[in-house]
Amino acid sequence: MASSMQAPRGTKDIFGPEFDSFEALERVAANVARIWGYAGIRTPVFEHTGLFVRSIGEATDIVEKEMFTIPRQSEKEDQDSYTLRPESTAGVVRAYLEHNLHKTQGLARFFYIGPQFRRERPQAGRLRQFHQMGAEVLGLLREAKGDQPAAPFTAYADVILLAAEILARAGLKGLRLKYNSVGCAKAGCRDVYREKLKAALGAQKEKLCGDCQRRLDRNVFRVLDCKKPNCRTVTAAVLADVPQEFCSDCRAQMDFVSPTVKDLLPAGVEAAHDAYLVRGLDYYTGTVFEFTAEGLGAQDAVGGGGSYDGLVEEMGGPKLGATGFALGLERVLMSQDAAKAAPPEAPAVVPLVYVAAAADSVEPYKLAVSLRQAGVRTDFDLTAPSRGIGNHMKRASKLSARLAVIVGEDELKAGEVAIKDMAGGEQRRVKIVEAVGEVRKALG
RNA sequence: GUGGAUGUAGCUCAGCCUGGUUAGAGCGUCUGACUGUGGAUCAGAAGGUCGCCGGUUCGAAUCCGGUCAUCCACCCCA
């Protein structure tokens, strides 16, 4: 029996230099998220058990065997079952709906930092209490509704680039982004691929390991995740025969996200499609991703995420899409150590710049990302591909932006952008390639 | 744990006493107009099982009972 004078299995005391690196990392993550235009949120460390069952999925490993569920204290007083959160997305979505944030504001962009709890067998990079930093974009209109247009795919790229920026600034080496599509719940998408995969893998059932034989019925996609050599051989052959097949919306999402992200990732981060990539939580749809880095052993993912367009509705809210990610802070720190990185310095949170997209092009978004990567706090409208300038100015004004950078048809034709000082009203044109430098100069 | 109060739109509230067409206002949100430029103005839209359950009644947001939730004070406490 474990001594009560030891920290519980899978938990850790953090003090000394480790405390300092932890704090430094948290500050980097929070400030980069703010620079990206995301606001902080803290939700309870425990929630109703049902929340996790509904969102993460009944048949997932997390819900089936890794939950820290608190026994009821008494029959009368408290009939509710509570569980320490194994992840934070469920709580953030719950808060989003509970406070009706879809009615109070357009799009919600949040980041959080805090402890998470999973009852697993501890190993390198796997603790029972661990810490995550994550971000979520909630409220994406997936189909035009009335006079509101459907949101473009920009947000799905945005969270990936935010995660990449935090990891790069944390000083990690050998950063790799793997992405894939897991399809969506619409008829003719994931269901079709699942059946084909199930048939193809089922034909070779006896070659698979015991776990995978069970997964065949419960959740075929988890077979792709198996690390055992025999299973790998089988899945490799099957994947060659059964190409991925998803609906046009899921394909379009991937077709936008893949090149956009590759184009804008920070230097030194490699990106590749990985047909084996799956997620252990049921709410994911469409494009999912994972970051790996050096120095981590078997648990080499430092973070992951993807879109979850069905979750808000599944939890009783309106039909709005969402996307997000979470980074494992302990794993980031392990990798930081391995890279012998100097403690990262958190970028300052500077006055806000608003990038106004007034042309149907990815250029405005690319400029917004370049500004952020240069440390300029930049807001960008992820809900529409472009808008009228007047509309943009209203937004810039409401956000109290110091500068507005206007990227419209005229400017793009000339290879320029207009930088406008919101307080004084002066405006001037600069070359688009010099825009980042000019903005920084203008901010002083 | 003890006592008190309150639940109507995202928020602040009106309506309840004296039951009776499709439950309202202000603010906020969303879309658009004002020839590609600002918190203004204008036009439009979305948003509510009146906390929930039951009772009385021809009829309940309105009256009655229960229940849940929240707030305040006290107790205790980081």
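The values are calculated or read from the model by the stated rules, or taken from the named source; none is laboratory data. All values derive from a computational prediction rather than experimental measurement. Note that we place each Cβ from the backbone using ideal geometry, even for glycine, and neighbour counts take in every protein chain shown. Accessible surface is based on the protein model in full, side chains and every heavy atom, while ligands, DNA and RNA are left aside. Shrake-Rupley method; radii C 1.70, N 1.55, O 1.52, S 1.80 Å.
Residue-by-condition table, conditions (1) within 20 Å of the chain's Cα centre (by Cα); (2) free of Cβ contacts under 8 Å to residues at least 24 places away in the same chain:
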| residue | (1), (2) |
| --- | --- |
| A:Lys12 | no, no |
| A:Gly16 | no, yes |
| A:Asp20 | no, no |
| A:Asn31 | yes, no |
| A:Gly37 | yes, no |
| A:His48 | no, no |
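Could you tell me whether A:Ala357 is among the aliphatic types (A, V, I, L, M), touching a Pro at 6+ places or on another chain (Cβ under 8 Å) and within 13 Å of RNA strand B (Cβ to nearest atom)? Yes.
Looking across segment A:240-257, the residues that are open to solvent by 30 Å² or more (accessible area, probe 1.4 Å) and assigned to a helix (DSSP H, G or I) come down to A:Ala240, A:Asp241, A:Ser248, A:Asp249, A:Arg251, A:Ala252, A:Asp255, A:Phe256. If you go through segment A:133-153 and pick out every residue that is crowded, with 24+ Cβ neighbours inside 10 Å and without any contact (Cβ under 8 Å) to a residue 60 or more places away in the chain, you end up with 0. For A:Pro364, are the conditions met, namely being within 25 Å of A:Ala29 (Cα to Cα) and modelled with pLDDT under 90? Taking the combined requirement at face value, the residue does not satisfy it. In segment A:368-394, of all residues being part of a helix (DSSP H, G or I), of a type outside the set (Ser, Thr, Tyr) and more than 6 Å from RNA strand B (Cβ to nearest atom), the one that is farthest from A:Lys145 (Cα to Cα) corresponds to A:Gln373.
Out of the residues in segment A:399-444 meeting the condition of being free of Cβ contacts under 8 Å to residues at least 12 places away in the same chain and away from RNA strand B (no atom under 13 Å from the Cβ), tell me which one is surrounded by the fewest Cβ atoms within 10 Å (Cβ to Cβ). Top of the filtered list is A:Gly444.
The rows are residues; the columns are (1) in contact with a strand residue (DSSP E or B) (Cβ under 8 Å, 6 or more places away or on another chain); (2) free of Cβ contacts under 8 Å to residues at least 12 places away in the same chain.
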| position | (1), (2) |
| --- | --- |
| A:Ala155 | yes, no |
| A:Glu165 | no, no |
| A:Lys178 | yes, no |
| A:Ala187 | no, yes |
| A:Gly202 | no, no |
| A:Cys212 | no, no |
| A:Arg232 | no, yes |
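How about segment A:250-283: which of its residues are modelled with pLDDT of 95 or more and of a type in the set (Ser, Thr, Tyr)? If the condition is that a residue be modelled with pLDDT of 95 or more and of a type in the set (Ser, Thr, Tyr), then A:Ser258, A:Thr260 are the ones that fit. In the set A:Gln129, A:Gln105, A:Gln123, only one residue is within 16 Å of RNA strand B (Cβ to nearest atom), surrounded by fewer than 23 Cβ atoms within 10 Å (Cβ to Cβ) and not small (Gly, Ala, Ser); that residue is A:Gln105. Per the conditions (1) at pLDDT 90 or above; (2) more than 21 Å from A:Asp255 (Cβ to Cβ); (3) buried (at least 23 other Cβ atoms within 10 Å of the Cβ), the sole criterion not satisfied by A:Tyr156 is (2).
Of the conditions (1) open to solvent by 20 Å² or more (accessible area, probe 1.4 Å); (2) assigned to a strand (DSSP E or B), A:Ala187 clears all except one; give me its number. Tallying (1) open to solvent by 20 Å² or more (accessible area, probe 1.4 Å); (2) assigned to a strand (DSSP E or B), A:Ala187 fails exactly one: (2).
Okay, residues lined up against (1) within 18 Å of A:Cys184 (Cα to Cα); (2) in contact with a helix residue (DSSP H, G or I) (Cβ under 6 Å, 6 or more places away or on another chain):
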| position | (1), (2) |
| --- | --- |
| A:Ser258 | yes, no |
| A:Ala272 | no, no |
| A:Leu281 | yes, yes |
| A:Ser307 | yes, yes |
| A:Leu320 | yes, yes |
